[in-house]
Amino acid sequence: MAMTIIKDSDLVGKHVILEDAADVGTVGDIYVDVYDWHITKFDLVVDKKYVERLGVDKKLIRRTTLPIKTHMVRAVGDVVHLSGNVEELRKSTRAVQPHEAAKEAHTAPTVKRDRPEEPKRYQHRSSDEDKPSKL
């Protein structure tokens with residue numbers, strides 16, 4: 001299977017379409033796990049007419065966004081196709097609302113990964129013998 005590569009700048013701003021042909025918004029920020037180097041989720045910038053139907057709080061100044069897990073993506077072309085319809089999207093994103101995720105972060109168990117050891121940090125000695133002498 002051939003790998004298709006797409007730049008983030010080509011993905012951000014693409015329209016997001018559901019199976020029921022609802023154009024619910026556009027791709028916003030993309031989140032990458034730098035340990036595994038894969039996309040974990042992206043922000044769906046919700047179109048104004050779908051804000052209430054998706055059950056999200058409308059922002060006054062900032063754009064209304066929903067975090068979308070990448071397992072919902074069916075295809076990427078001229079648009080991003082997501083699986084499900086508006087109601088299914090509402091149910092699936094309700095569990096990952098930012099304020100809900102923040103609550104879960106405090107109670108969720110942490111998973112320790114084997115990451116490379118950080119380099120040692122050396123402290124600078126500030127004794128008189130380390131200072132260069134004046135000539």
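Just so you know, all these numbers are worked out from the coordinates, no wet-lab data involved. What you see is a predicted model, and the numbers here were worked out from it, not measured in a lab. As a convention, Cβ positions derive from the backbone with ideal geometry for all residues, glycine included, and neighbour counts pool all protein chains shown.
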request  = Would you mind computing, in nm to one decimal, how far apart the modelled labels at LYS69 and VAL86 are, each placed 7 Å from Cα along Cα→Cβ?
outcome  = 2.4 nm
task = Determine the gain in length on full extension of the stretch ARG53-GLU19; use 0.36 nm per residue of separation and subtract their C-alpha separation, reporting nm with one decimal.
result = 10.7 nm
key: Relative contact order (percent, whole number), the range 8-99, Cα cutoff 8 Å, 6+ residue spacing   = 28 percent
request  = Please list the non-local residues whose amide H lies under 5 Å from the amide H of GLY84, H modeled 1.01 Å from N, same-chain partners needing a gap of 5 or more.
outcome  = GLU19
Derived scalar couplings ³J(HN,Hα) [the range 3-15; Karplus, 6.51 cos²θ - 1.76 cosθ + 1.60; whole Hz; x for Gly, Pro] = 8, 9, 10, 9, 7, 4, 5, 7, 8, 5, x, 5, 6
inquiry  = How far apart, in nanometres, would the label points at ILE6 and ASP33 be if each is projected 7 angstrom from Cα along the Cα-to-Cβ direction?
reply    = 2.0 nm
task = Could you go through the range 16-26 in sequence order and give the Karplus-derived ³J(HN,Hα) for each residue, using 6.51 cos²θ - 1.76 cosθ + 1.60 with θ = phi - 60°, rounded to whole Hz, and x for Gly and Pro?
result = 10, 10, 8, 4, 8, 6, 7, 8, 7, x, 10
query = Most exposed first by the Cβ proxy, i.e. fewest other Cβ within 10 Å, how do ILE17, ILE68 rank?
reply = ILE17, ILE68
note = Once amide hydrogens are built 1.01 Å from N within the peptide plane, the residues lying 5 or more places from ASP47 or on another chain with amide H under 5 Å from its amide H are GLY25, THR26
message = Using the Karplus curve 6.51 cos²θ - 1.76 cosθ + 1.60 with θ = phi - 60°, what ³J(HN,Hα) values do you get for each residue of the range 34-51, in whole Hz, with x for Gly and Pro?
response = 6, 6, 9, 6, 9, 6, 9, 6, 9, 8, 8, 7, 6, 5, 3, 6, 10, 4
ask   = P(r) of the range 8-99 in 10 Å steps, Cα pairs, percent per bin?
value = 16, 54, 27, 3
note = The long-range amide H neighbours of THR40, using H built 1.01 Å from N in the peptide plane and a cut-off of under 5 Å, are TYR31, VAL32, ASP33
